[in-house]
Amino acid sequence: MNNTLIGRIGRISRIGQIIFLAAVAGVLPLQANQLVTSTVDSGGGRSTSADYTVDSSIGWLGGICIAEGQVVRHEYIGQLTEVTGVSITGTPSAIYEGESSQLSAVAVLDDETVVPLSGAEVTWLQPSWPIANIDSNGVATAGIVYADTPGAVKGAWWGVIGAGTIFVLDGYPDNFGSYAGDGLPDWWQAQYFGLDNPKAAPGTDPDTDGQDNLYEFMAGTVPTNASSVFRFRIEPVPGEPSQKRLIFGPCAPDRIYTVLYCVNLVGEPAWMHLVNKTVTETMAERTVTDLDATNYTRFYRIKFAYHPDSLGSYAGDGLPDWWQVQYFGLNNPDAGPNLDPDGDGQNNLFEFVAGLDPTNTASVFRVRIEPVSGQPDQAKVIFGPCVPDRTYTVLFATDLAPSTQWHALTNVAVTSVTPEYSVTNHISPGGTKFYRIQISYP
């Protein structure tokens, strides 16, 4: 058991309509109708009425006040309180490489009360990547990452260690370790080769398929699989001697493929966009038919461009093409960002940001508010399902007027029970709070 000895003198506290002052000497400004001597220690007393009970120690030096269902330990001398948990949050909760977040904490005591702690009140443990440093005031600084990465932060208060998460966002995609500045995204190299692997260099061909890493990234193929090769062939169109079929693939949903042509390869060829054409595609290949391939010679090439929102009818709609293809296939009108094909009340754009399945009615993001047992001035905001690569920020307001300003909750106790998060915060007596959850996909 970890017992914490807390003792202070002369502090004013308020509960509901009851105000009491703990002083070295004097009489509490409360009208008592009963006094007993069997109290929290041999030197104190108890005052009760229909509205309150006050137990004091060492001759009215501090005490416990119970009123309107609320319990406050007024830091009387010799009080032993066990810290049962510490929860850590950062403001902001997601930062770019090299940026900082101010950490704070909330300690949960054995009587379910909470103690807000500033960053300077916590003893911070040595961080690990991607958090580069935490100073004595609780300012956490992010290191360099190869992809958006959650970072664990840990701190202790009275011997109890708590943890939290800060998301470090990959603000520049080509600056990590030995992969920095080589023209390939760090996340792609780490995905296929791990960290600091010389085989990940753009000009190497580790799977010996004749296509180097830079080419395979641009083509959307797998650089460690010899059978994952971009191929291009030309076929005649039966009965149409002035047409040619240009067949190439595999085609990735987040690449742009442009067919260029020229009429000779002398000197510096003048490559032109193929305009008079038809396009058909399957999940694996694309067929572009040149409708003006007259009898003179034509040479063709395919130009690649990487763009995550450029595919067919999905282009420019604000949703990643790979996500739409994953759930809806190609060119499906149900994949539009504002549509709700599973009828669960949450549209495709929301379901993507929240990390949900847009084709499953049971896959729904929910928020609920629950009371805290024995703590009428606290509330739990519970939400989920929560996924690892999203950032969740609880916002609150005191009214819903059009000009209302929403603020992020700070000094809150956060617990996680997969797949939900629970955030406990304080509500002033007689006050009202409205909550919303802000979800970010880095």
Options Leu274, Leu291: the member that is touching a strand residue (DSSP E or B) at 6+ places or on another chain (Cβ under 7 Å), over 30 Å from Val222 (Cα atoms) and modelled with pLDDT of 85 or more: Leu291
Test each condition in (1) surrounded by fewer than 21 Cβ atoms within 10 Å (Cβ to Cβ); (2) of a type outside the set (Asp, Glu); (3) within 17 Å of Ile95 (Cα to Cα) for Ile166 and report the one that comes out false. (1)
For the stretch 260-282, name all the residues that are among the hydroxyl-bearing types (Ser, Thr, Tyr) and buried (at least 17 other Cβ atoms within 10 Å of the Cβ). Tyr261
Suppose the filter is in a strand (DSSP E or B), touching a strand residue (DSSP E or B) at 6+ places or on another chain (Cβ under 6 Å) and of a type outside the set (Lys, Arg); does Thr280 pass it? yes
Within the stretch 242-259, take every residue that is in a strand (DSSP E or B) and of a type in the set (Gly, Ala, Ser) and give me the one that is surrounded by the most Cβ atoms within 10 Å (Cβ to Cβ). Gly249
Checking Ala284, Ala270 in turn, the sole residue that is among the small types (Gly, Ala, Ser) and under 30 Å from Val325 (Cα atoms) turns out to be Ala284
When the stretch 130-157 is checked residue by residue, the ones that are over 19 Å from the mean Cα position of the chain (by Cα), without any contact (Cβ under 8 Å) to a residue 60 or more places away in the chain and buried (at least 18 other Cβ atoms within 10 Å of the Cβ) are Ile134, Gly138
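Yes or no, residue by residue, for (1) over 24 Å from the mean Cα position of the chain (by Cα); (2) not aliphatic (A, V, I, L, M):
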residue: Gln326; (1), (2): no, yes
residue: Pro341; (1), (2): yes, yes
residue: Val387; (1), (2): no, no
residue: Ala413; (1), (2): no, no
In the set Ala252, Ala293, which member is under 35 Å from the mean Cα position of the chain (by Cα), touching a residue at least 12 places away in the same chain (Cβ under 8 Å) and closer than 20 Å to Arg233 by Cβ? Ala252
All but one of (1) at pLDDT 90 or above; (2) over 24 Å from the mean Cα position of the chain (by Cα) hold for Ala315; state the number of the condition that does not hold. (1)
Residues of the stretch 392-428 being more than 25 Å from Val168 (Cβ to Cβ), loosely packed, with under 13 Cβ neighbours inside 10 Å and modelled with pLDDT under 85, which ones? Ser428
Filter the stretch 357-378 for residues that are farther than 14 Å from Ile437 by Cβ and aliphatic (A, V, I, L, M); which is modelled with the highest pLDDT? Ala362
Close pairs from the stretch 331-352: first touching a residue at least 12 places away in the same chain (Cβ under 8 Å), partner assigned to a helix (DSSP H, G or I) and surrounded by fewer than 18 Cβ atoms within 10 Å (Cβ to Cβ), Cβ under 6 Å, at least 6 apart: Asn331/Gly312; Asn331/Ser313; Pro337/Leu349; Pro341/Asp334
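Does Asp148 count as in contact with a Leu (Cβ under 6 Å, 6 or more places away or on another chain) and charged (D, E, K, R)? Even if it seems obvious, please write down each step before you answer.
Numbers: in contact with a Leu (Cβ under 6 Å, 6 or more places away or on another chain): yes; charged (D, E, K, R): yes.
For Asp148, the condition - in contact with a Leu (Cβ under 6 Å, 6 or more places away or on another chain) and charged (D, E, K, R) - is met.
The values are calculated or read from the model by the stated rules, or taken from the named source; none is laboratory data. Computed from a predicted structure; not experimentally measured. Positions of Cβ are generated from backbone atoms using ideal geometry, with glycine treated the same way; all protein chains shown enter the neighbour counts.
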